[in-house]
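Comments concern the structure below.
Every read-out reported here was derived from the displayed coordinates using simple, explicitly stated rules and does not represent laboratory data. A quick note: this is a predicted structure, and the numbers were derived from the prediction, not measured. Reconstructed Cβ throughout: ideal geometry from the backbone, glycine too, with neighbour counts over all protein chains shown.
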Amino acid sequence: MEFPHPLPEGLAAILSDPSGAVIGLDFDGTLSPIVPDPASAYVHPDAPGVLAELAELVRAVVIITGRPPGTALALGATDGGPSLEDVPGLVILGHYGLERWEGGRFTAPPPPPGLALVRARLPILARDIEGVLVEDKERAVAVHTRRAADPEAALEALRGPVAELAAEAGLVVEPGRLVLELRPLGMDKGRALSAFLAERQATSVLFAGDDLGDLAAFDAVEKAPIPGVRVCSGSAEVTELAARTDMVVGGPAGVVDLLRSIVESLRKRSASGGA
């Protein structure tokens, strides 16, 4: 793909000095197409290979997702091709940063006690609306309305009861693309990204996302004392990100094309002696 003109400051910084660049990515809707059943999700087939090439050129590649890291890894494998586990130095911050996978090792705090109440009650709230799906994400529980006859109406019908349940359980509600997720307090993608940038002493950052939960990461890019670029993996369902972004691309395929173009540009620059 062709880069926008003029180049966003953050993208220009990444291309001029990739050794300090952190590439941050959401998973669902960014590396993986949105599907009606989250369990049937799959990574874009070209994503692991492109990320592996990119990881050799930049300081770090990090995936920040609401899913458990193990789930992202399982969904990030392609038949006969590279998987996310093949990406050099990849870090996956799951559950919005509560869990971490790096170099084959998982670290995580104990799950919050309120999840037991949510697991018992949320299916009862959802059972009267046909097509609604409850997803247990180990440290969070989500209710999806994409398969309902009227997804938006189903989401609105559940919004109030889900908020009451979350308050009783000591959790927060993370709204998304036809989904309400009940998760622990104290972490979001913005905090996770900011901490990672400081850890890696980044000099530039790109973050790509597609959903409301990614707005916190966009905030982190804006507030970081380094050049940054925000990329929206385009969706007609979530317009808030498009209003806050530096670049809009066409879903996971567009994200992969952008990353591939960054790899090609960096390699050309290197071949020409950095000119």
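For region 193-215, a residue qualifies if it is of a type outside the set (Asp, Glu), on the phi < 0 side of the Ramachandran plot and not in a helix (DSSP H, G or I), and the qualifying residues are 202, 203, 204, 205, 206, 207, 208, 209. Consider residue 130 carefully, then state whether it is assigned to a loop (DSSP other than H, G, I, E, B) and on the phi > 0 side of the Ramachandran plot. When the stated conditions are applied, residue 130 does not pass them. Tell me, please, whether a residue that is part of a loop (DSSP other than H, G, I, E, B), in contact with an Asp or Glu (Cβ under 7 Å, 6 or more places away or on another chain), without any contact (Cβ under 8 Å) to a residue 60 or more places away in the chain and loosely packed, with under 15 Cβ neighbours inside 10 Å can be found in region 20-40. Scanning region 20-40 turns up no residue that is part of a loop (DSSP other than H, G, I, E, B), in contact with an Asp or Glu (Cβ under 7 Å, 6 or more places away or on another chain), without any contact (Cβ under 8 Å) to a residue 60 or more places away in the chain and loosely packed, with under 15 Cβ neighbours inside 10 Å.
So which residues in region 216-234 are surrounded by 18 or more Cβ atoms within 10 Å (Cβ to Cβ) and more than 16 Å from residue 249 (Cα to Cα)? Across region 216-234, the qualifying residues are 216, 217, 219, 220, 221, 224, 227, 228. When residue 64 is tested against (1) under 29 Å from residue 17 (Cβ atoms); (2) more than 16 Å from the chain's Cα centre (by Cα), only condition (2) is not met.
Of the residues making up region 133-169, those that are part of a helix (DSSP H, G or I) and more than 22 Å from the chain's Cα centre (by Cα) number 18. Would you point out the residue of region 191-201, among those that are in contact (Cβ under 8 Å) with a residue 24 or more places away in the chain and out of contact with any Lys or Arg (no Cβ under 6 Å at 6 or more places or on another chain), that is farthest from residue 243 (Cα to Cα)? Checking each candidate, the answer is 201.
Among what's in region 221-253 and is assigned to a loop (DSSP other than H, G, I, E, B) and of a type in the set (A, V, I, L, M, F, W, C), pick the residue that is nearest to residue 25 (Cα to Cα). Looking at the filtered set, the residue picked out is 241. Within region 76-104, residues that are among the basic types (Lys, Arg) sit with their Cβ atoms under 6 Å from residues that are surrounded by fewer than 16 Cβ atoms within 10 Å (Cβ to Cβ), at 6+ positions apart or across chains, in these pairs: 100/107.
Restricting attention to region 101-124, the residues being surrounded by 11 or more Cβ atoms within 10 Å (Cβ to Cβ) and assigned to a loop (DSSP other than H, G, I, E, B) number 5. Taking the conditions (1) over 20 Å from residue 144 (Cα atoms); (2) out of contact with any Pro (no Cβ under 8 Å at 6 or more places or on another chain) in turn, residue 93 satisfies each one other than (2).
Considering the conditions (1) free of Cβ contacts under 8 Å to residues at least 40 places away in the same chain; (2) surrounded by 16 or more Cβ atoms within 10 Å (Cβ to Cβ), residue 254 is excluded by exactly one of them, (1).
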